[in-house]
Amino acid sequence: MHNEHDMPALAPRDDASHGPYGTDGTDGTDCRGCGTCCRKGGPALHAQDLELFRAGHLAPEHCLTLRAGELARDLDGELRPLERELVKLRPRQILRQSARGGDWSCLFLNQADNRCSIYAHRPAECRALLCRDTWAIRTLHAVDRVTRLDVLAAWAEGVVERAGVPGGCADPGVPWADILAAHEERCGYGVLAPVGTVGAGLRRAADELRARTPGMVHPVPLSGEPGDPAATDESAHAVEAFLEAVRFDFAFRSIVRERAGVAMEELDFLLGRTLAATAVMYGVAVRMISDGPELVVLPG
Ligand code: SF4
């Protein structure tokens, strides 16, 4: 999945009176608690949600960052590059290699009964969204969205207030702003975006390879070998530049994980999804072989 389900989520009921809102006079709305919105992805987080981190109801490991320039679906269902980074509740499973699809259900959705396991402390978008009347969510959607640094600050404050151990994401000795900036400088979508040289070169090479390989049913390597469209100067540069960024991204994550003592799930918040996972936005995919990552073109 490439952010196709970057949509806010509906809040299913978590009390015993499961059934349409309004039938028991609770709030006059008509949410049926079907959980459909929560399956489309967790909510983007806003300033009023920072208190949930201070209080310990949410933690960095519960979040996923979509970085500036990453494609995301807006409220009207259109895929567009994000102008600014977006922090949201993560799905239960995050794809780290290139792939399509995936389950984007919010990690707090109980699949068996469509109940929200943090209902009393659910984020603002979950409170605002009603699928039959989107006025409230449209009003809230782009307002006061948090950044990674906002979340880190709130989380660190809360850990100290709760007399916890300020390690990992709460470690005041880790220069998070510098680390995130260093990652963006080498792996930012500003360099690799679809309209940029690298992104456009990859997309062109992938389209050309597909055109030369009618009826392809398996991924085909985009290798730069003779006959490969990546052998043209522009495309070869795009392939190499992207692979270089992918290698840097993997190495950077390992270093951050090791030195800052953060969990894999926290990396998805700190550094966003891997470049390898988002390669599909350029019409290519990353496959790991013995020599390291290689690019392949996916059928269709
Ligand atoms: S936090 Fe709860 S209400 Fe919000 S998307 Fe997740 S499961 Fe749904």
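The figures follow:
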| item | result |
| --- | --- |
| Per-region count, region 111-127, residues within 6 Å of the ligand (Cβ to nearest atom) and without any contact (Cβ under 8 Å) to a residue 12 or more places away in the chain | 0 |
| Residue within region 149-166 that is within 16 Å of the ligand (Cβ to nearest atom) and either out of contact with any helix residue (DSSP H, G or I) (no Cβ under 9 Å at 6 or more places or on another chain) or touching a residue at least 12 places away in the same chain (Cβ under 8 Å) (or both) present | yes |
| In region 218-248, the residues that are among the small types (Gly, Ala, Ser) and more than 27 Å from residue 185 (Cβ to Cβ) | 223, 227, 231 |
| Listing of helices (runs of 4 or more DSSP H) fully contained in region 105-201 that carry 3 or more residues being buried (at least 17 other Cβ atoms within 10 Å of the Cβ) and not small (Gly, Ala, Ser) | 148-161, 176-187, 189-192 |
| Residue match in region 199-210 (condition: in the same structural domain as residue 286 (by TED's automatic domain parsing), within 19 Å of the chain's Cα centre (by Cα) and not acidic (Asp, Glu)) | yes |
| Where residue 279 falls short, out of the listed (1) farther than 17 Å from residue 189 by Cβ; (2) of a type in the set (A, V, I, L, M, F, W, C); (3) part of a helix (DSSP H, G or I) | (1) |
| Single unsatisfied condition, residue 226 versus (1) modelled with pLDDT under 95; (2) assigned to a helix (DSSP H, G or I) | (2) |
| Complete set of residues in region 65-80 that are touching a strand residue (DSSP E or B) at 6+ places or on another chain (Cβ under 6 Å) and part of a strand (DSSP E or B) | 65, 66, 71, 72, 73, 79 |
| Residues located in region 83-110, provided they are away from the ligand (no atom under 14 Å from the Cβ) and either at pLDDT 85 or above or closer than 18 Å to residue 126 by Cβ (or both) | 83, 84, 85, 86 |
| Top-ranked residue of region 128-148 - restricted to ones that are of a type in the set (Gly, Ala, Ser) and within 15 Å of the ligand (Cβ to nearest atom), ranked as farthest from residue 32 (Cα to Cα) | 136 |
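The values are calculated or read from the model by the stated rules, or taken from the named source; none is laboratory data. A quick note: this is a predicted structure, and the numbers were derived from the prediction, not measured. Note: ideal-geometry Cβ built from the backbone for every residue, glycine included; neighbour counts use all protein chains shown.
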